[in-house]
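Here is the structure we will look at.
Taken together, the values in this text are just the output of simple stated rules run on the coordinates, not laboratory data. Keep in mind the model is a prediction, meaning the values are calculated, not measured. Glycine also receives a Cβ, built like all others from the backbone with ideal geometry; neighbour counts cover every protein chain displayed.
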Amino acid sequence: MMKTPAIALNTFREAIRNKVLYSLLFFAVVVIVASLAFGALSVHEEVRLTTDLGFAGMSAFLVLIATFLGVNLVYKELERKTVYTLLPKPIHRYQFVLGKFFGLALTLLVLLALMCGVLLLVLHLQGAALEPALAMLVALIFLEVLVVTAVAVFFSSFSTPLLSGLFTVGVFLLGRSVPDIRAVAAKLDQPGLPLLLRGVARVVPNLRYFYVTGAEIDGQQVAISGTFVDWGYVGLASGYAALYLAVVLLLAMALFSRRDLI
Amino acid sequence: MHSSALQPAVQSAVQPVGQPVGQPVGQPAAGSAAESEGGTPALRTHQLAKTYALGFFRKKVRAIRDVSLRVERGEIFGLLGPNGAGKTTTLKVLMGLVRPTSGEAEVLGRPVGDLVAKGRLGYLPESPYFYDYLTGRELLVFVAELFGLPRRESRRRADALLEQVGLQRAAQLALRRYSKGMLQRVGLAQALINDPELVVLDEPLSGLDPIGRKQIRELIAQLGARGKTVVFSSHILSDVELLAQRAAILVGGRTVDSGALDHLVQARILSTEVLIDRPAPVLLQALAGGAYAAEAVGETVRVVVPEGEDVGRLVDLVRRHGGALLALTPRRESLEDVVVRRATDDNGAGAAAPLPARDAQPMGA
Ligand SMILES: Nc1ncnc2c1ncn2[C@@H]1O[C@H](COP(=O)(O)OP(=O)(O)OP(=O)(O)O)[C@@H](O)[C@H]1O
Ligand SMILES: [Mg+2]
């Protein structure tokens with residue numbers, strides 16, 4: 001079936017033509033200005049700072065774009081009534097949702113690659129040796145972005161962009177704090193609240209699997225610049241992401257399939 | 001945009017190449033197609049109803065209440081009705097865009113949403129809007145891909161159809177730069193990309209200038225001549241009269257009547273308007289005493305002879321007393337009249353309305 005890819009490519013084309021990639025310029029400027037500032041601050045630490053903050057910034061930036069584009073992904077088609085042309089064609093509604101999702105995923109992947117290019121160039125100019133561990137880091141960042149995108153698409157399959165955006169940001173913040181939520185739940189000794197907290201920690205994606213900076217691994221605080229994970233870990237994280245994506249996207253497809261397109 | 005662009009392209013533009021389910025081009029009429037489908041109609045609805053639940057409080061809006069239609073294969077069918085009658089809603093249900101609240105709907109003998117039926121279907125939405133970042137040609141190629149057509153064939157059809165609807169010069173123009181009429185044309189082109197057996201057009205003639213209307217009307221007629229089933233909605237009776245063999249009238253979300261066109265709009269002449277230039281004073285006096293409504297417009301007098309009265313008598317009067325007979329125009333029943341008649345006479349008196357769609361409730365209920 002070439003129909004889902006056709007929809008995905010069209011979505012990608014829309015993002016490109018609507019100048020989504022211009023946001024890259026913004027990112028590039030921020031990274032370069034920041035790295036110059038670090039250089040002035042601390043001569044020896046500048047590579048570590050650029051790496052840590054650069055990748056953290058990249059992650060935050062992509063999550064933001066994923067949320068924004070994700071909540072508008074389906075909504076825009078409804079609002080502009082382009083679905084009226086698309087869905088009477090011999091496609092299933094789930095193919096539409098999937099196509100839109102993969103199109104956005106492709107857009108984000110391209111954006112990620114370009115951002116990496118900018119960041120690595122700056123690091124190179126600072127004289128840093130580029131570690132292979134950075135590839136794992138980038139992979140984890142992308143997995144997290146995919147999960148957030150799917151969550152955004154899920155909410156937007158039944159809700160307005162504004163609400164979906166708020167929900168998505170909420171899930172993102174909770175997702176990044178899953179270990180903390182669990183810790184709080186463990187400390188409390190009343191009956192109701194810990195149950196609720198554990199429930200929340202179970203439902204939202206555990207984004208700490210992907211965002212490893214500042215986490216404690218083997219009792220040590222890790223920083224991005226350190227070599228802290230291996231490909232086996234990335235593989236496990238991919239499995240988790242795939243599972244979460246599958247569930248959320250299936251729900252989104254089911255909800256969208258029932259919906260009246262008005 | 002020459003009107004000649006429309007004619008020669010039609011036969012050659014779209015052939016059912018690579019269409020597993022396509023039916024041969026130029027097939028004259030419904031006969032064999034209907035047989036192969038077990039005689040099912042092209043479209044069928046039975047007591048279709050749709051109630052929207054809007055907003056937070058699920059406020060109920062009854063968009064259609066009782067729509068029963070039957071469109072045979074190979075015919076051009078008009079869906080007539082005033083604004084808000086439920087034409088668009090009915091078509092949206094048939095296209096699988098909204099779910100009916102109750103009732104039955106079938107497309108090409110299959111349930112709504114069936115992929116095989118969708119593959120043989122073309123649909124032009126009301127005041128269409130497309131991906132505005134695409135060019136006209138890109139849109140058509142994209143749409144062709146959704147039918148699983150190979151790239152080459154997609155491009156070939158896109159170009160042929162752009163020519164057919166008179167947009168070849170705008171092929172490389174982004175759709176956001178298209179005028180309303182151009183969007184309507186490209187919308188028609190995308191509805192025809194799969195050489196559909198059934199073409200459903202929601203207000204295909206709205207937003208077009210007189211030349212455009214004529215071109216699109218010709219295109220619809222040609223589709224009909226090639227054995228396609230065409231269903232189109234309109235609130236303009238003359239468009240339906242010019243094109244359709246049969247039609248249904250929707251009022252207030254119900255089919256109040258359907259059938260052959262001459263059955264729907266009776267040839268009945270409501271009144272005859274007679275224009276008399278420079279009538280002799282004697283004639284004016286005779287008119288003033290008569291039963292006619294007369295009105296002077298400058299040098300001329302307009303007289304309305306009501307239904308059932310002999311126009312010949314007035315003509316004789318003019319002959320006898322002096323004055324030039326300028327025009328004699330019968331005013332036939334218009335859609336407005338039909339709709340008003342249908343909406344007011346509740347029990348259907350005077351009209352052969354065989355549809356079960358009518359009940360005794362007042363329209364506003
Ligand atoms: N999305 C919607 N939500 C709520 N009500 C709707 C919606 N769409 C249509 N309606 C209502 O349903 C009724 C029928 O609307 P519809 O658009 O089907 O009429 P129409 O015959 O196509 O009219 P027009 O000639 O103006 O296009 C109207 O009263 C309208 O207010
Ligand atoms: Mg309408």
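Results, tabulated for the structure shown:
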item	result
Local net charge near A:Phe154, Cβ-Cβ under 15 Å (Lys/Arg +1, Asp/Glu -1)	+4
B:Val98 long-range amide H proximity, modeled H, under 5 Å	A:Leu261, B:Val93
For segment B:48-164, convex hull of alpha carbons as volume per residue, Å³	156 Å³
Gaussian network model of chain A, Cα within-10 Å springs - most flexible of A:Pro88, A:Pro191, A:Pro132	A:Pro191
Other protein chain Cβ atoms within 10 Å, averaged over every residue that makes up A:85-98	6
Span-rule helices in chain A, defined as complete DSSP H runs reaching 27 Å or more along the axis (Cα) with Kyte mean at least 0.0	A:22-41, A:46-79, A:93-125, A:133-156, A:231-258
Unsatisfied cross-links (Cα-Cα over 23 Å) in the set B:Lys60/B:Lys180; A:Lys19/A:Lys89; A:Lys89/B:Lys87; B:Lys92/B:Lys214	B:Lys60/B:Lys180; A:Lys19/A:Lys89; B:Lys92/B:Lys214
Assigned charges on the beta-carbon of Lys, Arg, Asp, Glu; chain A dipole about Cα centre (debye)	1260 debye
Top positive-direction residue, dipole computed over the protein assembly as shown with Cβ charges, set A:Leu236, A:Val33, B:Leu94	A:Leu236
Candidate aspartates and glutamates for bridging to A:Lys187, where Cα separation is under 17 Å - those fewer than 8 sequence places away on the same chain excluded	none
MRE, 222 nm, helices only [DSSP H, n ≥ 4, -39500 (n - 2.57), over the protein assembly as shown, to nearest 500]	-16500 deg cm²/dmol
